[in-house]
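Asks: Before I ask anything, here is the structure I am working with.
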Amino acid sequence: MDYIKPTLEYAELSPLFIVFGVAIVGVVVEAFVARQRRHVVQVALASAGVVGALVATVIVGINLDEVGGGAGRGFVGAEGSIVVDGPAVYLWGLVLVAALAGVALFSERRLEAGVPAFAGQAAALPGSEGEREASTAGLAHSEVYPLVMFAVGGMMLFPASGDLLTMFVALEVLSLPLYLLCGLARRRRLLSQEAALKYFLLGAFSSGFFLYGVALVYGYAGSMDLGAIHDSVVAGTGNRVLLLLGIAMLSVGLLFKVGAVPFQAWTPDVYQGAPTAVTAFMSAATKIAAFGALLRLYYVAFGANRWDWQPMLWVVAILTMLLGAVLACVQSDVKRMLAYSAIAHTGFLLTGVLGVRAATDLTDDQVTSLQAVLFYLTTYGIASVGAFAVVTLVRDTNGEAPSFSRWTGLGKRSPVVAGVFAFFLLSMAGIPLTAGFIGKWAVFTVAMSAGAWPVVLVAIAASIISVYFYIRYIRLMFFTDPAPDQVVATVGTPSLFTSVTIGLCALVTLVLGIVPGPVLELCAQVGDFVR
């Protein structure tokens, strides 16, 4: 048998190569650069890598019509393993923007008296002499930057996977660094390690389900290629039981990553225990990547079988919205409240997945489900990063102060910070003149056009419930006075990177709420998935 040299489209895949290349160089930096200089080198390297990959992504997107043969559809590259099309390139851009904000928040040192929020020595037991020595010496884990770059690379590969095996590899590449990052908090070490362990164990189970689903679908279609699976589904010649079980198993892995019911149990614990900078990055980037992979799997591989998986998503979306909204009302920790809010937003996004996919089935003034979900991911991702970035600023003598009681009257002590946080909450609630309102309008519209009006009614009810706990928090900050003996938090002075991140997130959230047209048009121009 002759050996056939594999062909890689280096120019079109350059964003992936840049990210993974920077991650590898970051590992080398950890081995050879002196400890006192690693932080500066790693921050500069990671920032340059993300910016370089973002520029390369823009160039690939501009030239996508040419590489797609003039049809603007993109192509299947890397010997069928990676698909470079409009949705993939758009999702790459979103992930990289979230990564840039994540690197900026990771680099914050001013709030912790010159040290980052990450543990000085992760291997030391919480409360041990080794941990105290590491803290006294001001040691810091600068390897968080190559870890986050590996996670970003996996997040970019995940929604661009052309076959199930590549999708599984991408799932593991993005997950393993996050498991480590969640356990590296400098303060509340036990809570952080507990969060990392829960995330790892539940993530391992979900990966097992996903891999089992890969095997079952391969048994049905005789191929792991998404296009070949689609053809097998259309032909309908395989064992239908294998297909349905395979779809169910694959769905478990993906629904776990997006935090949908009944696979949401990890979300509040991990969001609360992880370093808040990691939570900010993970809340946006992981959801973007996972929903991109979910859309590609359902629309490309199983698009001809939607009447089998749609009823399942109806139930999952309804339960996810209701559970997230109701349980958020009873939280007393801001990070857990935002975690249950994220669960509810997952349900809203799943509502958009139920919509009409093909533009030919809609009138000119309607949006497709792909367009609506991409826009919603944009609006929620930006608001989520901004909200968690604000949480890092509110502090007491023990560091960050996520307890509700500590935020009482914050609007009178620091009206700007409280006002920005309230604005992010209003966007998540879907109040008009914010980006969140346009995002919800888009996903509700596409679901209605597909006949999923019961899901939309539940979504509206969940939105009304969510307004309660968002407004409740705003009332706590601006219209509630602390008791005379009550301990309250103050607002720390952040570095320039954190300040710029919060400011840009607020600005984009406002602009997308007033002038959403350009981004909606961009989402429409990305085209459809290639198989």
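Quick note: the coordinates plus some simple rules give every number you see, no bench work behind them. Computed from a predicted structure; not experimentally measured. As a convention, Cβ positions derive from the backbone with ideal geometry for all residues, glycine included, and neighbour counts pool all protein chains shown.
Asks: Rounded, prolate or oblate, given the Cα gyration tensor of the stretch 1-52, with a/c below 1.5 counting as rounded?
Replies: On the way: a/c = 7.30, a/b = 2.10, b/c = 3.47.
Oblate, since a/c reaches 1.5 and b/c is not below a/b.
Asks: Here is a further query. Restricted to Cα positions, what overall size does the chain have along the principal axes? Three whole-Å values, descending.
Replies: 72, 55, 40
Asks: State, in angstrom, two size descriptors of the stretch 220-341 derived from its alpha carbons: Rg to one decimal place and Dmax to the nearest whole number.
Replies: Reported Rg and Dmax, both Å: 16.9, 54.
Asks: Quote to one decimal, in nm, the extra length available between residue 487 and residue 237 on full extension: 0.36 nm per residue of separation minus the C-alpha distance between them.
Replies: Working: separation 250, 0.36 × 250 = 90.00 nm, distance 6.77 nm.
Gain in length upon complete extension: 83.2 nm.
Asks: Can you compute the helix-only [θ] at 222 nm over the chain? Use -39500 (n - 2.57) per DSSP H run of at least 4 residues, normalise by all residues, nearest 500 deg cm²/dmol. Walk me through the intermediate numbers first.
Replies: On the way: 21 runs with 358 residues, N = 531.
Result for the chain: -22500 deg cm²/dmol, rounded to the nearest 500.
Asks: Where the centroid of each part is defined by its Cα atoms, how far is the stretch 455-491 from the stretch 264-311 in Å?
Replies: One Cα centre to the other: 26 Å.
Asks: Among 181-189, 220-228, what's the highest-first ranking by average C-beta atoms within 10 angstrom per residue? Let's see the in-between values first.
Replies: On the way: 181-189: 22.7, 220-228: 20.0.
The most tightly packed comes first, giving 181-189, 220-228.
Asks: Let me ask another. Only Lys, Arg, Asp and Glu count, each charged at its Cβ (+1, +1, -1, -1), so figure out the dipole size of the chain about its Cα centre, rounded to 20 debye.
Replies: Numbers: 29 positive and 31 negative charges, 286 e Å.
It comes to approximately 1380 debye.
Asks: Given the peptides 259-265, 335-341, arrange them by the average over their residues of other C-beta atoms within 10 Å, most packed first. All intermediate terms of the calculation are to be shown ahead of the outcome.
Replies: On the way: 259-265: 21.0, 335-341: 24.6.
Result, highest mean first: 335-341, 259-265.
Asks: Something else: Most exposed first by the Cβ proxy, i.e. fewest other Cβ within 10 Å, how do 508, 258 rank?
Replies: Details: 508 18, 258 26.
The fewest-first ordering by Cβ neighbours comes to 508, 258.
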